[in-house]
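Novice: The structure under discussion is supplied below as structure tokens; questions concerning it will follow.
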Amino acid sequence: MVRASNRLLVSAVLAVGAFTLTRLCFVAPPPAVHQPLRQSHVALQARGGGEYDVSDADIDAFYNSLLTGSGGDPPKGTVLSELIVKFFHGDFTPQGFKRYSGLWKGPPPGNIGKKDIAIGVEKLKEQMANPMFVTKGGVGYGVDETQKVVDDGKGWVWLAAEMSPGGLAVELFKAVPYGKRAVLVAKQNNVAELFDKVNWDTALGNIEKTFGGPQIKQR
């Protein structure tokens, strides 16, 4: 009688175990929760989007701010006039720019003066109208160098400054110089319009401002 009871007890336990196992096998796993993907600020900057975008209206405003002077050449003794002489007074050749190495005309002779600045400005005008060397730009701030373009097709030509190992340097761009110190911008097919009315004080002040990028004090 005892053995029969034990057999019944074992059978009951096995039955309960089998039932429980069956229930466990048919319980569906909870549905996966998919979190929405959020694009990071870094990713936006990497493809040129975000707070540093420069619109056509921004370019027009920048250009018009420069047309508030009386033209002529920049004053002697300013950072801007010295940069123009340093990077444009010379010869532009297929092998590169050959800086003038003769005696400065002054006045006084031997020092950079109005005559040298005038030559530098004329060379700058020539290069803005038909640049021999153009630095890539455009697309947006912080983009990879391979994404930048030589010409964005908008018809503007820019003079922009940037700190280099040898000090402040200027380059020409035919696309927005994001993250650089945009000093001047002109319509490539009408460079004279800028230089007839340029406000050199405004241009000089632009050297202290980053265009299309975070403000960074470079000097």
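Taken together, the values in this text are just the output of simple stated rules run on the coordinates, not laboratory data. None of these values were measured; they are calculated from a predicted model.
Novice: Given H placed on each backbone N at 1.01 Å, which residues far from Gly113 in sequence or on other chains put an amide H within less than 5 Å of it?
Specialist: Lys105, Gly106
Novice: What aspartates and glutamates sit close enough to Lys98 to cross-link, taking a C-alpha to C-alpha distance under 18 Å and skipping anything fewer than 8 places away on the same chain?
Specialist: Glu82, Asp116, Glu122, Glu126, Glu171
Novice: Moving on to the next point. Go through Lys136/Lys197; Lys174/Lys209; Lys114/Lys154 and tell me which ones have a Cα-Cα distance over 30 Å in this structure.
Specialist: Lys114/Lys154
Novice: Using the Kirkwood radius over C-alpha pairs as Rh, can you work out the diffusion coefficient of the stretch 54-206 via Stokes-Einstein at 10 °C, viscosity 1.306 mPa s, in µm² per second?
Specialist: 100
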